[in-house]
1. Counting only residues that are in contact with a helix residue (DSSP H, G or I) (Cβ under 8 Å, 6 or more places away or on another chain) and at pLDDT below 95, how many does the range 18-35 have?
2. Going by the conditions given, is residue 119 under 24 Å from residue 222 (Cα atoms) and under 23 Å from the mean Cα position of the chain (by Cα)?
3. For the range 78-107, enumerate the residues that are part of a helix (DSSP H, G or I) and out of contact with any strand residue (DSSP E or B) (no Cβ under 8 Å at 6 or more places or on another chain).
4. Based on this model, can you work out whether residue 32 counts as without any contact (Cβ under 8 Å) to a residue 60 or more places away in the chain and within 21 Å of residue 175 (Cα to Cα)?
5. Select from the range 208-235 the residues that are farther than 15 Å from residue 113 by Cα and at pLDDT below 95 and list them in ascending order.
6. Quick check on this structure: which one of 93, 24 is under 19 Å from residue 241 (Cα atoms), without any contact (Cβ under 8 Å) to a residue 40 or more places away in the chain and either in the same structural domain as residue 166 (by TED's automatic domain parsing) or over 13 Å from the mean Cα position of the chain (by Cα) (or both)?
7. Kindly provide the set of residues from the range 216-239 that are in contact (Cβ under 8 Å) with a residue 12 or more places away in the chain, surrounded by 10 or more Cβ atoms within 10 Å (Cβ to Cβ) and out of contact with any strand residue (DSSP E or B) (no Cβ under 7 Å at 6 or more places or on another chain), ordered by number.
8. Please state which one of 48, 15, 10 is part of a loop (DSSP other than H, G, I, E, B), surrounded by 19 or more Cβ atoms within 10 Å (Cβ to Cβ) and in contact with a strand residue (DSSP E or B) (Cβ under 6 Å, 6 or more places away or on another chain).
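The values are calculated or read from the model by the stated rules, or taken from the named source; none is laboratory data. For clarity, every value in this text was computed on a predicted model and none was experimentally measured. Heads up, the Cβs are rebuilt from the backbone with ideal geometry, glycines too, and the neighbour counts pull from every protein chain shown.
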C-alpha cells in the first residue's frame, strides 16, 4: 500500500467525497486511477482505499491524505499526469497493509483565512482561548452525537485578515466553519466574548441565536499527522503543484483588483 499527500483547490468541487452527479475531488482521483489502469472500471474504489477526511464543498487542502494498493510505478508525478490541474499529488510513502488513512491519523489541522479588516486581535485571541480545550460543541455542529472535542485554537493577524488555526484529533460536521464565524464575530464586535459561554452551555441554541458556518472558500486542510510515517516529496510533482497554485493566486489577485476598481469608480 502507498499513502499520498494531495493538494487541491476546492472551489470547482462539491466537496471531497465522491458523488454520482457532481464533480468532487475523490471522483477526480478515481477517474485518474481508472485512466492509468490502476482502478478497474467495475470496482467501486481502489483496494484498501481510505482518505484522511471529507472536506466540504469549496474547501481546499494542502495535505489531504489517501492510501490504497498501487503498483510500484505509481508515484505522485505519474498520478498527476491524469489528474485535473486543480488536484495535485506531491508526496508519498509506503505503508503497511493494515494502514487506514482515516483511523490512523492522530490530528488534523485546518487554517482559516477570515476577512476581518476591523478586527481587534486581543478579542479574537480571548475567543480562541475560551474555545480551546475539551468542550461539548453541540451548538457548533449539525451532528447529534460525538460532539465532545478537544481543540487547539490559535489566531494571528495578517493585514485585513485573521488567520485562524484549529487542530484536533477529529472534527464534528461544520465545527471549524462555525468556530470561524464565532471568532470573527467576537473580533469585529458583532458578538461578545460572553457569547461563547452561551455557545458552550448545555442548552441548545436555536433561530437567531444559532451560529452559522463561515464561507468555505477561506478554509484549508493544512496538515494530517501520522507520527510513524515519513513522506517523501516528489520534487517534480511539488514544483509543478507550486507553479499551478501560484498561477491561481495571481489570477485571483488580478480579479480582486479589477473588482475593487469597478466598485471604486461607481458613483
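1. The qualifying residues number 2.
2. no
3. Let us first name the residues in the range 78-107 that are part of a helix (DSSP H, G or I), namely 78-80.
The answer is 78, and nothing else.
4. No; evaluated as a whole, the condition is false for this residue.
5. So the first thing to find is which residues in the range 208-235 are farther than 15 Å from residue 113 by Cα, and the list is 208-212, 223-235.
Correct list: 208, 209, 210, 211, 212, 227, 228.
6. 24
7. Within the range 216-239, 216, 217, 226, 236 meet the criteria.
8. Being part of a loop (DSSP other than H, G, I, E, B), surrounded by 19 or more Cβ atoms within 10 Å (Cβ to Cβ) and in contact with a strand residue (DSSP E or B) (Cβ under 6 Å, 6 or more places away or on another chain) holds for just one of 48, 15, 10, which is 10.
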